[in-house]
1. If you take the residues in segment 133-145 that are under 23 Å from the mean Cα position of the chain (by Cα) and either open to solvent by less than 10 Å² (accessible area, probe 1.4 Å) or at pLDDT below 95 (or both), which one is nearest to residue 65 (Cα to Cα)?
2. Give the number of residues within segment 198-213 that are open to solvent by 10 Å² or more (accessible area, probe 1.4 Å) and among the aliphatic types (A, V, I, L, M).
3. Given the conditions (1) at pLDDT 95 or above; (2) of a type in the set (Lys, Arg); (3) open to solvent by 50 Å² or more (accessible area, probe 1.4 Å), which single one is not true for residue 12?
4. Here are some residues: 183, 112. Which one is modelled with pLDDT of 95 or more, in a helix (DSSP H, G or I) and open to solvent by less than 10 Å² (accessible area, probe 1.4 Å)?
5. Which condition number does residue 110 fail, the rest of (1) farther than 26 Å from residue 247 by Cβ; (2) more than 22 Å from the chain's Cα centre (by Cα); (3) β-branched (Val, Ile, Thr) being met?
6. Return yes when residue 80 is at pLDDT below 95, touching a helix residue (DSSP H, G or I) at 6+ places or on another chain (Cβ under 9 Å) and crowded, with 19+ Cβ neighbours inside 10 Å and no when it is not.
7. Could you give me the residue pairs with C-beta distances under 8 Å whose first residue belongs to segment 116-127 and is under 23 Å from residue 193 (Cβ atoms), whose second residue is assigned to a loop (DSSP other than H, G, I, E, B) wherever it lies, and which are 6+ apart or on separate chains?
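The values are calculated or read from the model by the stated rules, or taken from the named source; none is laboratory data. Everything quoted here is computed from the prediction, not taken from an experiment. Positions of Cβ are backbone-derived with ideal geometry, glycine not excepted, and every protein chain shown enters the neighbour counts. With ligands, DNA and RNA removed, areas are computed over all heavy atoms of the protein, side chains included. Shrake-Rupley method; radii C 1.70, N 1.55, O 1.52, S 1.80 Å.
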Amino acid sequence: MDLCRFHYCLSRLIFISGIVFPVMVASIGVNYGQIANNLPLPENVVPLVKSIGATKVKLYDADPRVLQAFANTGVEFIVGLGNDLLSKMKDVDKAQTWVKTNVQAYLPATKITSIFVGNEVLTFNDTTLTGCLLPAMQSVHTALVNLGLDKQVSVTTAHSLAILETSYPPSSGAFRRDLTSCITPILNFHSKTGSPFLINAYPYFAYKASPKQVSLDFVLFQQNQGIIDPSTNLHYDNMLFAQIDAVYAALAALGYKKLPVHISETGWPSKGDEDEAGATPDNAKKYNGNLMKLMSQKKGTPMKPDSDLNIYVFAMFNENMKPGPTSERNYGLFKPDGTPVYSLGIASSNSTFSNTTSFGGSSGSSDTPTSSQGSSSTGYLTISSATTKGYPLVGPVSFFFMFMIKLLL
């Protein structure tokens, strides 16, 4: 790695061209994946996170190097407990050992606020894994209670948008009937413990599947005529907000109107294969930049205008060892050397950096990041693959396509 170029790029981030939204992008979150062998050292990632105004980071494990590097920075963390550990976490003693090692050991210096137990488990169609999910969540929560940490650290899990059977109109959003018996007790857990409902939503896949029918402006938050929900008369000018409100409607249909919905993953690739329409730097810049601008306006969705938008952009870096199509390795805001993949055109309150700081080279990570025992998440490697990310095209998007083809052509 060219260390001088890394240092120079980092110190110049505040001069990124384009519209500037100072301070206001305070609530943005970012996913920090590490399926790569050329990423910068975690301590060098801290100023990069701050350069985009992010105050929240989501990890797919509990990498001690990262948690130590972000100590005393004020950045909030969601740490992940991988799908491969769910069966073990049904045992409260094992869950408590995991929490002590991977969470309690870093508090309060590192601001860990949540643990997400499993990623997109319900759409793996693995009954054994599904059966482990809620018991694992309950055990981890019990461990937090036993350690006196349950008031500061919540327990949740992340779902694919494919858990929806219907998403159009948004007010008719409904969960898949075959998953209702699994989802309802999980929702009851959220309600009792006060934890948010996490969903991974990618409008990109709707456009990729039917680029001639789906309005690019609608999925990129660009100016467009939008759509009207005929049941509520609410106007939607972007697909992501329509997807979020479909989830809210699905929750309400099961009697959980007050559960908060957080978007644990959303993003747009800057590069793809020939059959991956729309995967360009310009589109990625528009999607993520416009999304951050919307969040800075402190507005909610049409159905929940007063609710905070808690959204985690996917992802911090391009990850060169992820399997699948080219797009899978090109969701990053940054290249491994610390240079932006494209200009977001934003600045934050943390917009000054010392020009004398020394930045190290590659962290030397292998297929999976070095972490404490039991903290790795092999689920992330699979979950982020094209096969699973494509789940939102099943069910929810098909309904959405019919509506958009009618109104947006």
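1. Narrowing segment 133-145 to residues under 23 Å from the mean Cα position of the chain (by Cα): 133-134, 136-138, 140-141.
Subsequent filtering for residues that are either open to solvent by less than 10 Å² (accessible area, probe 1.4 Å) or at pLDDT below 95 (or both) retains 133, 136-137, 140.
Details: 133: 27, 136: 25, 137: 25, 140: 22 Å.
Filtering first and then ranking leaves 140.
2. Going through segment 198-213 one residue at a time, the tally reaches 1.
3. (1)
4. Values: 112 fails: in a helix (DSSP H, G or I).
Going through 183, 112 in turn, just one is modelled with pLDDT of 95 or more, in a helix (DSSP H, G or I) and open to solvent by less than 10 Å² (accessible area, probe 1.4 Å): 183.
5. It fails just one condition, (2).
6. Values: at pLDDT below 95: no; touching a helix residue (DSSP H, G or I) at 6+ places or on another chain (Cβ under 9 Å): yes; crowded, with 19+ Cβ neighbours inside 10 Å: yes.
In short, no.
7. Cβ pairs passing all conditions: 118/82; 119/60; 119/82; 119/377.
The rows are residues; the columns are (1) part of a loop (DSSP other than H, G, I, E, B); (2) under 28 Å from residue 317 (Cα atoms).
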| site | (1), (2) |
| --- | --- |
| 246 | no, no |
| 277 | yes, yes |
| 283 | no, yes |
| 287 | no, yes |
